[in-house]
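K.L.:
Quick one: the structure is below, and I'll ask about it shortly.
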Amino acid sequence: MTGGGGVDLVFLAKVFGWTTVAIGVLVCLGYGLWRFLAKALSAAASAFTPRTPGSPDPRIVPYRGTEPARPAYWAHQMWIDAVAAAQAAARTVRYLLVRHWLGEIVRRRLLNGRGGSSGVRAGNALGRLLLRLVAPATALAALLSALLASGLLLAVAVAFGVQLLLVGGVALAGAAGGRGAERLWKLVRGIRMKCPYPGCYRPFPLAVHLCPKCGAAHRELRPGRFGALRHVCRCGHALPTTALAGRRKPALRCPHCDKELPAAVGTTRVVHLPLIGGTSAGKTMLMAAVLEGLRSWSHESALTVEFASVADRREANTLARQLETSGWALKTQGGQPRALMLLVGRGRGPLGRRRLLYLYDPMGESLRDAATTRLQQYLAHADGIVLVADVLAALGVRRALHEGDGRLAEQARPADLGPVDTYAAFTGELQGLGGRRGRLGVAVVVTKRDVLDRLSSLPRPQDPVDAWLEKIGLGELVRILGHDFAASRYWTVSAHAATGAGALVPEQRRAAEPVLWLLSRTGLRVDGAPAAAREPRLPRLARPRRRSDTAAPDRSSL
């Protein structure tokens, strides 16, 4: 009341205002804030909970990329779910404030004289008046609850975002570490992947892996955004991402030409050895002899030999049948050769060493000039050269032959070019393609020794072969090879004596010596096999033991 007996409206307004504030704060702290938080957090949590199995989940965004694997949860879906959770919490707070508290409880119930929780209309005017007076306090409580809940939810969102960043960072570091460890492992073991097929021969960092369940082609099967330890194919099958974890099991294809690759690609060091020689120099016969020799060495040493694929076994069997039928290998056909792939190793298990050997047998015509040699892209990857030398094709040697020896030489089908001319035709392009000629080894194999032994016009071929080449007028070849290559070794081989039904075991092993020597230069040493060149002369191999009645264990699948 005022001094004149009237009502002090200002005082009443203050009392009503402070009462409203007090009630609003009490309702906010006692109920509203926790109600907002509970509902908002529950809505946010629902963004991470699984849906009913078999029903579509709108939260999952379809992956539109070409890789048949979903990105890892931490790389993609985790952030979508986090944003969805934040949006769900914000929508819940807004709904509670605008629709439920202000719209339903305050406007439709309290201001109309109805109970806030029950919605039942008060039975008398005084009750309806009290409910209307509580309406402002309830609205204030709703506003305070929404503001405080929003602040707390924002703090929770920031903390949760930091955790997600840590999780993503750890996962990304794990993926980078896994990829780096595999690269280091390949670098230490000298593993470089290259296609063995004609028209391709291209290197690649990662092969295409086929899902063993559905056959989908995975081009990114390594630690990364699709998973650090494994990728989940669209069919649901999990594939390991590293060779150490078993990535070698799925079938492989070249990412460039899409042709099948052996399982050892990516886990075994590849050694590329082209056989270089003129037409009819005996390259294909020598390759057949090398296969027989490697198998013979595997009987009585720690050497292990097997075909890298079914196609390689089929090709070798076809060559063997040709030799059994006619005694000669058919002339190499086609422009560029497919590598014959062998897995050559020493020992078995984790302590064993293996090499994936690519043997190339190109046509002699393909290495006659710079234009055709430049097409032989496999030369850029060569780890050594097997130079197949038919000395009977050298003009100087032919002139030195008497009449009878000349007929024998003609019957031996001499090559179209002599060894010096053969080497001169491709050496420049070899250096241009690979640029590594000075670091390579060259194994010079003088073929057709069975004929050379019968010629009275020439001294009989014997060790040291390089000195014998000097005697018959091919010293220029020895000097050129000694200058151009890091190391050179010389052999004389009779491929006829090393193949077929009456093959001689010592000759078979001698035919394999050039390849074993070049393999030894890559770190694959076999007891008894020729070591990397330290002496200028070829040391004799371990003395071939005669076959006894007790068969030695066969470590070869050839």
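The values are calculated or read from the model by the stated rules, or taken from the named source; none is laboratory data. As the structure is a prediction and not an experimental result, all values here were calculated from the model. Counting neighbours? That spans all protein chains shown, and the Cβs are built from the backbone with ideal geometry, glycine included. Keep in mind that these areas ignore ligands, DNA and RNA; they rest on the heavy atoms of the full protein, side chains included. Shrake-Rupley method; radii C 1.70, N 1.55, O 1.52, S 1.80 Å.
K.L.:
Where in the chain are the DSSP H helices whose alpha-carbon span along the long axis reaches 30 Å or more and whose Kyte-Doolittle mean is at least -0.5?
P.N.:
125-189
K.L.:
Find the relative contact order for region 194-284 and round it to a whole percent, using C-alpha pairs within less than 8 Å whose residues are 6+ positions apart.
P.N.:
23 percent
K.L.:
Let me ask you something else. Mind checking which lysines have their Cα closer than 16 Å to the Cα of Lys259? Skip sequence neighbours fewer than 8 apart in that chain.
P.N.:
Correct list for Lys259: Lys194.
K.L.:
In nanometres, what is the gap between the two model label sites at Leu148 and Ala176, each 7 Å from Cα along Cα-to-Cβ?
P.N.:
4.4 nm
K.L.:
Find how much the distance from Glu324 to Leu504 grows on full extension, using 0.36 nm per residue of separation minus their present alpha carbon separation; answer in nm with one decimal.
P.N.:
Taking Glu324 through Leu504 to full extension adds about 63.3 nm, to one decimal.
K.L.:
Same structure, new question: What's the carbon and sulfur percent of region 86-221's accessible surface, probe 1.4 angstrom, rounded to a whole number?
P.N.:
It is 66 percent, rounded to a whole number.
K.L.:
Using the beta-carbon distance between Ala251 and Arg108 and R0 = 51 Å, what value does 1/(1 + (r/R0)^6) give for FRET efficiency, to the nearest 0.05?
P.N.:
So the FRET efficiency works out to roughly 0.15.
K.L.:
Something else about it: Any chance you could tell me what percent of the C-alpha pair distances in region 373-510 go past 23 Å?
P.N.:
More than 23 Å apart: 38 percent of the Cα pairs in region 373-510.
K.L.:
Near Lys448, which lysines are there with a Cα under 18 Å away, not counting those fewer than 8 places off in the same chain?
P.N.:
Within the straight-line cut-off, Lys448 pairs with Lys283, Lys331, Lys471.
K.L.:
If each residue of separation counts as 0.36 nm, what is the full-extension length gain between Ile80 and Ala243 once their alpha-carbon separation is subtracted?
P.N.:
Extending this stretch completely gives an extra 55.5 nm.
K.L.:
Any idea of the accessible area per residue across region 165-314, 1.4 Å probe, to the nearest Å²?
P.N.:
42 Å²
K.L.:
Also, I was wondering about something else. Applying 1/(1 + (r/R0)^6) with R0 = 25 Å to the Cβ-Cβ distance of Val21 and Gln87, what FRET efficiency is obtained, to the nearest 0.05?
P.N.:
Plugging the Cβ-Cβ distance into 1/(1 + (r/R0)^6) gives 0.20.
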